[in-house]
Structure formats: structure tokens, C-alpha cells
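Asks: Dropping the structure in here first, questions after.
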Amino acid sequence: MKKVTLISTSLVVALTACAQWNTDKSPIQVTSTLGAFQPKAALTADGKMFISWRTAKTVEGEALCYSFPHLQLLDKEGNALFGKSGLDVSNHKSPSWNSDYSLVITSDNCAVLSNADSRTEDSEILDRYDTFTPVWYKIGQNKDFLWGFDGVALNDRKDSPFTKTFVIGDDIWIQDQSNSQNVTDYFNRITSGGALAFAESQEVFGQMVQSIDDNFIMVKSGSKGPEAQRYNRDCQPVWSEPVMFASANSASRNLYPYSILSDGKGGAYIAWVRGMGDFGHMVCTQHIDALGTPTFGLDAMDVYATEDFDHDYQSLAVDIKNNRALVIWIFKADGGTYNLQAQLFSEDGDRLFGETGMPIATKNDEAGYAFKNHGVLSVDDGEWLICYSDVKGWAKSELYIERLNKDGNSVWKQQIGDAGTFNDVSFIKGDDCSFIVYETKDEEGNKILKAARIYDDGAFVKTNTTSLPYSIDFRTSGMPTDWVALDKSTFSSNYGKLVYGEALVKINGSKTNTKCIFTGSNIDNTAWNDYYISPEFKLDANKAYKIKTQTVCDGGSYDVTLKYGTSTADDATFTKFANCTMQKNNFDTSKSDEVTLKVPESGVYRIAFHVTSTAGGPQDNVYLMSFSIKEDATSGIDNSVEALSEIASITVHSIDGKLIQTVKGSKFCSASLVSGIYIITMKDTQGKTKSIKITK
């Protein structure tokens, strides 16, 4: 499949629209396009976010409109990399009613967007189902159309309005659902180059989730109840026969009725809504292990022990570490009371939040305005994040994200935006934060897309940075878990990046095996362009910081510089501030290189070693031994004798920042101080401060 790159014909430059993530509850606007609807969002492994949406064009004189897909890429800081209006994916017309599309991220951090449109451009009346041709586009982070501008289209299928895409490891699986009862649904795998893996569609269909390696579990409604089967990448069944894991199929009207997530061990948790009585509903849950055993028993477990009330609109999250699954749902009790409820299940099907679950929110509304359940996510330490809206009236809701502890109790709750409309909400988990993307309306009633980021501690601005002073000795620290290696060489690979391991280095005159960070072998024979990136530090633009490093080389092939930046994936965020003076051929442990850093703006930064070489595949090496950073206690001190007004207090610190004494008023005597260097800070009655350095 031909790779196509979209280039502006008027300006061949890189344009980045500046949005940046919210710093309070007010969300950012994702695109300047008005009329955007049906957003979908997905995170890449390098911390960026793809967001897709549709826009519509009405047909004059007819109750019909066409829709067109679009795509945006946000960097880790929320900047729009595809311009303020995003990328137009296709100009093929698609009837916007009664159809669905999908967005997923591949293992190489590209977006795959599916759609159903008409490939007959001379047709002006697209109000029939036979105009739906399924198509898949793969788009890279540089706007590359990796499967061509027309994508991978199933041109022999004309009545398939519903498309779906699944990523299982490195594999991309595609589905489309036909509107015709006499036409079977379609299932196939697309290769990385955009070719169909099977000449004929595979006769399996349903919702799928990764099992072990490239295997997957497929879930669907069967003739006697919901069924599951595990398949390999050749679409051959692994279990001897499908597993019927409950007695009642889904009674939901959703296009994809089963919530299904991996248990991290090759099995899956599943939640869905079954029918109850003539008109009622009940949310139920099951777990199937990698061998095909339903661990909750032959029938599923209801989230509520009795068949009272009407239960619906489930969402599911899985805590892989602790083998737990949380189900959030909504039910209506007597007297117009509505509940947003949670139930926690063990791997064996025990109801850990009691027989009827844990209430998250309750309200009484005779008009029938209840809650909307937008999703639940697992936090690494066994806690949970839920997203829901409290409907207050017609076109008026309040959107919330709330954290629950292991017992189901609220830890914090934050509102996102002001009251309004919140449609097609995507709630997705990042490393230490979560993101929410949704469709809403502006003051003029235009549909627009908005998004917000909130950290796991409930803050909109990151507060859990690494405290100063900070130091690490790579020889004794073990594998650093909070440092990140970034390979920006051409071509990058796992065989030519900075690694942690044991190397033979001359230390204090003797060859010694030592743990450290080093360049190692580069079998790709490419020039080095690699970063080793620190955890985050909160730095003040009004202060200076002392950084000490110990680096060693046993040749002359490399340069090592220090840079400050904000990302672990985007080297464009980094700025050089110093060269590293490397020790050559021998590591004297008593020596280190010290430099000073001042950042241009206060904020959260990372420090990186940047290792480069002019030639490919050098045979010598660079060894990173240690790093430390601390605030320079003398920064901002000018020793001038500028007068203050009436002095209210004086504080005395040692040069390393330790508080020695505090004096009220202006009477201070240095007689009690031992020999050394001190920072004297005076504060007057107007709140003005002055610091001086003295030596005794």
C-alpha cells in the first residue's frame, strides 16, 4: 500500500496550534471547527492523543446531510499538532444517520480510523443503505496516509454502516456489520502494509479483547445465551468449543452491548444488561479465564442481589494487579429516586461491596432527570476513577470526575466545565492522569468539541513532582524506574539506546564491573541521538539550580549535553543549557561536573542527558554514573545594602538551606553562629524581603 503524506500547497512549514491542557476545571476547545460531533479519543504510547470527529453538510431542499471524518493530534501538553482545525481525512460522502465509525491506536503509535461512505461520487442521493462502503485509514503522527488517501476500502460491500477496529498486539482486526439480514458480517485482519490477511472474510463475529500474545477472546450473543471463544491470529479456535457463560443474552439496545476487558492473564471480565421480567433490566457480570472457565459459575453474577428496581447503563473497569472488577451502573428506585451505584467483584465472583453495592450518588427527581454513566477507570493502587453527569434539566447537566478508594468511598470529586450538554463522552486513562473529551455547544448553539485533563490526585496542575534536593547514583540505585530512555536516532531501535546494566569501566585506576547507564552496542550502525530523561521537578524562574553529574567516556566519539524539557517522548521540548565535561578513560569517583540551570518560566521540567555521535556505530562508550540537582541557596542574593522599612523579622539559614534561627524585630547578633556561610533574610512590616550572604 502506497504511503501518502499530506503537505500544504501554500506553506511547507510545520504549524502547531496552541491550546494546552486546562489548569482549572475549564476545558480546552479541541478544534476551531464549528459543527463537530461524535468525537472519539485514544492515547498513544508516547503520551499524545488522537481525537476524531465528524462534520455534516446538509443537502438543500432535503432532510438529508452528509458527514465527513476529521482527525486531530494533541501532544502531551495539549498543543494541536494538526493545526487548529485538524486534518480532513476524507471527502467521500457518508450519510450521517444510523452509522458508526471507530478510532484505535496501533502498536507503532499511529491512528486507524474506520468509516462507512459512498465511493460513487456522482450519486447525490445517499439516503439508502446501499451507499455504505466500509473503509479504514491508517494515519501517522506526521499526517502520513500510510494506506493511501482512499484507505483500505471493501468496495464489494455496499450496505455496511457500522465499522469497528480492534488492536491485538501488533495486529489490526476489522469488522463491519451489514444492514441486510441476508448478508453476513465481515471480519478480517489488515497487515501493517494495508493488505487483507485473508482472501475471504472469517466466519467469526462479536466483541473482542486480547488474550495471550496474539490470541483474542470473542464475545457474542448465542442461541442459548452469551458465548465466548478464544482464537489465534489465524482465526482458529483455541478452546474445543465455545463457552456459554450465562443464561441470558444482552437486552441492551447498544450497538456493542457487552463491556469486555482483559484480566491481564489471558482471560476477560464481561458486564452487560439482561432482561428482567416484562420490562425490567439487571446488570450482570462474569469472568472467563484463559482456559475458558467461567469463574463466577455457570451463570453470571448480578450486581444487585434481588430483582428489585430497574438496573441499566453499565460501565466496567479491571484492576489487574489485585484481580478485581468494578461495575458502575444506574438504577431507579421507588418514588422517583435515582442511584449511581458501584459493585466490586473478586476473581471468583464475590460481591465485595455487599449484596446491593455501594451508592456513589443519589437524587430524587420527579421529572425523571437522572444520571449518565460515562465510564470508570482503574488507578494502579487499587482505587478507581468514575465519570458521570448529573442531569439537572433539559440540555442542562453537570459533569463530574470522582475518585473512589478501595472501599468505594469518595476520595475527591471535581466538576469539569460549567453546566451544559455533554454528549459522546470519552473517558480515558493516562500515566498519572485521566482525560475527558466530549461534544457540547457554544453560546450560539454550535456543536463544538472540548477536552480536559485531571491528575489522579484531583488537581488540574501537577503537584506530585519529585522534591529537591534530588540525587541518584546509577551504580547503586538499581534499575531507575522514574528515568526514561528516548531513542531519536535514525533509525531508532531497541538495539541502540541508552540502557541500564553492567559494564567494564576503569574506576580509580582499576578495571571494574559496575552497574550504570551506558551506550552499549549499536548493531544498527547509526549515529547516536539519545536522551536519558529524569523525573519531573518543579522549578522556579526566579531561582538558580546546581546540577552535578558524573559521566565517563573511553573514546572521543560522543558529545554529552544537558537539556531541560517537559516530555519523555518529544525531544522538541528540550533546550540545551550546558555541556557535560566527561572524564576520559578513567572514572575518578571524587570528581564531578557542576553546572547552573535557570529556567525561563516557572513550571514542571525534566532534565535530560543528550548523547550524540557524529559517526555511526562507534566502538567506544559513554557511561552515566550519577546525577543530582538542588536549589542554589545563593541565587538572587546581591549583598547590596538597600534599606528596608521597619524590619519585622529575620531568618538565618546555613548555605545548604537548614534553618538556624528566627528573630522577631531587627535585633540580630551573629555571635552565636559558628564559622561558615549564612543566608540572612530580612522582612519588613510592608512584607518586602531582602536576603544577604555573610561569611563568618
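Asks: Please find, within segment 167-188, the residue that is surrounded by the most Cβ atoms within 10 Å (Cβ to Cβ) out of those that are over 19 Å from ALA116 (Cα atoms) and among the acidic types (Asp, Glu).
Replies: Across segment 167-188, the extreme among qualifying residues is ASP171.
Asks: Let me ask another. Hey, could you check segment 134-160 for residues that are surrounded by fewer than 17 Cβ atoms within 10 Å (Cβ to Cβ) and of a type in the set (Gly, Ala, Ser) and say which is farthest from LEU73 (Cα to Cα)?
Replies: GLY148
Asks: Restricting segment 331-346 to residues that are at pLDDT below 95 and within 31 Å of the chain's Cα centre (by Cα), which is farthest from ARG403 (Cα to Cα)? It would help to see each step written out before you state the result.
Replies: Quick first cut of segment 331-346, residues at pLDDT below 95 only: 331-339.
Narrowing the set further to residues that are within 31 Å of the chain's Cα centre (by Cα) leaves 331, 339.
Details: PHE331: 20, ASN339: 17 Å.
Once the filter is applied, the top-ranked residue is PHE331.
Asks: Here is a further query. Restricting to segment 591-623, what's the tally of residues that are modelled with pLDDT under 85 and under 30 Å from LYS462 (Cα atoms)?
Replies: Here the count works out to 3.
Asks: Which one of these is out of contact with any His (no Cβ under 9 Å at 6 or more places or on another chain), of a type in the set (S, T, N, Q) and either modelled with pLDDT of 95 or more or not in a loop (DSSP other than H, G, I, E, B) (or both): SER250, SER240? Lay out the reasoning, then the answer.
Replies: On the way: SER250 fails: either modelled with pLDDT of 95 or more or not in a loop (DSSP other than H, G, I, E, B) (or both).
Just one listed residue meets the conditions, SER240.
Asks: Just give me the residues in segment 340-363 being in contact (Cβ under 8 Å) with a residue 60 or more places away in the chain, out of contact with any Phe, Trp or Tyr (no Cβ under 7 Å at 6 or more places or on another chain) and outside any loop (DSSP other than H, G, I, E, B), in sequence order.
Replies: Residue satisfying the conditions is PHE345 alone.
Asks: Please identify the pairs in which a residue from segment 582-601 that is in a loop (DSSP other than H, G, I, E, B) has its Cβ atom under 7 Å from the Cβ atom of a residue that is surrounded by fewer than 13 Cβ atoms within 10 Å (Cβ to Cβ) and not basic (Lys, Arg), counting only partners at least 6 apart or on another chain.
Replies: Close Cβ pairs (under 7 Å, with a partner that is surrounded by fewer than 13 Cβ atoms within 10 Å (Cβ to Cβ) and not basic (Lys, Arg)) amount to ASN586/GLY509; ASP588/ASN508; THR589/ASN508; VAL599/ALA541; PRO600/ALA541; GLU601/ALA541.
Asks: Further question: Count, please, the residues in segment 563-614 that happen to be under 11 Å from ILE533 (Cβ atoms) and of a type in the set (A, V, I, L, M).
Replies: Initially, segment 563-614 is screened for residues under 11 Å from ILE533 (Cβ atoms), giving 563-571, 573-574, 605-610.
Okay, now just the ones that are also of a type in the set (A, V, I, L, M), so 569, 607-608.
Of the residues in segment 563-614, 3 are under 11 Å from ILE533 (Cβ atoms) and of a type in the set (A, V, I, L, M).
Asks: While we're looking at this one, here's another question. Only one of ASN542, ASN513 is over 29 Å from the mean Cα position of the chain (by Cα) and outside any strand (DSSP E or B). Can you tell me which? Break it down stepwise before answering.
Replies: Numbers: ASN513 fails: outside any strand (DSSP E or B).
So the residue among ASN542, ASN513 that is over 29 Å from the mean Cα position of the chain (by Cα) and outside any strand (DSSP E or B) is ASN542.
Asks: Let me ask another. Can you tell me which residue among SER675, SER635, SER640 is assigned to a loop (DSSP other than H, G, I, E, B) and modelled with pLDDT of 75 or more? So that I can check it myself, show each step before the final result.
Replies: On the way: SER635 fails: modelled with pLDDT of 75 or more; SER640 fails: modelled with pLDDT of 75 or more.
Sole residue among the options that is assigned to a loop (DSSP other than H, G, I, E, B) and modelled with pLDDT of 75 or more: SER675.
Asks: For segment 267-299, enumerate the residues that are touching a Phe, Trp or Tyr at 6+ places or on another chain (Cβ under 7 Å) and either of a type in the set (Gly, Ala, Ser) or surrounded by fewer than 20 Cβ atoms within 10 Å (Cβ to Cβ) (or both).
Replies: Correct list: GLY292 only.
Asks: Could I ask something else about it? Among the residues of segment 546-565, which ones are surrounded by fewer than 18 Cβ atoms within 10 Å (Cβ to Cβ) and either touching a Ser or Thr at 6+ places or on another chain (Cβ under 8 Å) or among the polar types (S, T, N, Q) (or both)? Reasoning before the result, please.
Replies: At the first step, the residues of segment 546-565 found to be surrounded by fewer than 18 Cβ atoms within 10 Å (Cβ to Cβ) are 546, 548, 555-556, 559, 561.
Across segment 546-565, the qualifying residues are LYS546, LYS548, ASP559, THR561.
Asks: Is it fair to say SER223 is more than 21 Å from GLY266 (Cβ to Cβ), polar (S, T, N, Q), part of a loop (DSSP other than H, G, I, E, B) and not assigned by TED's automatic domain parsing to the domain that holds TYR137? Please lay out each step first, then the result.
Replies: Details: more than 21 Å from GLY266 (Cβ to Cβ): yes; polar (S, T, N, Q): yes; part of a loop (DSSP other than H, G, I, E, B): yes; not assigned by TED's automatic domain parsing to the domain that holds TYR137: yes.
Taking the combined requirement at face value, the residue satisfies it.
Asks: Here's a follow-up. Take ALA271 and decide whether it is in contact (Cβ under 8 Å) with a residue 60 or more places away in the chain, outside any loop (DSSP other than H, G, I, E, B) and in the same structural domain as ASN323 (by TED's automatic domain parsing).
Replies: On the way: in contact (Cβ under 8 Å) with a residue 60 or more places away in the chain: no; outside any loop (DSSP other than H, G, I, E, B): yes; in the same structural domain as ASN323 (by TED's automatic domain parsing): yes.
The answer is no for ALA271.
The values are calculated or read from the model by the stated rules, or taken from the named source; none is laboratory data. Since the structure is predicted, the reported quantities are computational estimates derived from the model, not experimental observations. Methodologically, a virtual Cβ is constructed for each residue, glycine included, from the backbone with ideal geometry; neighbour enumeration extends over all protein chains shown.
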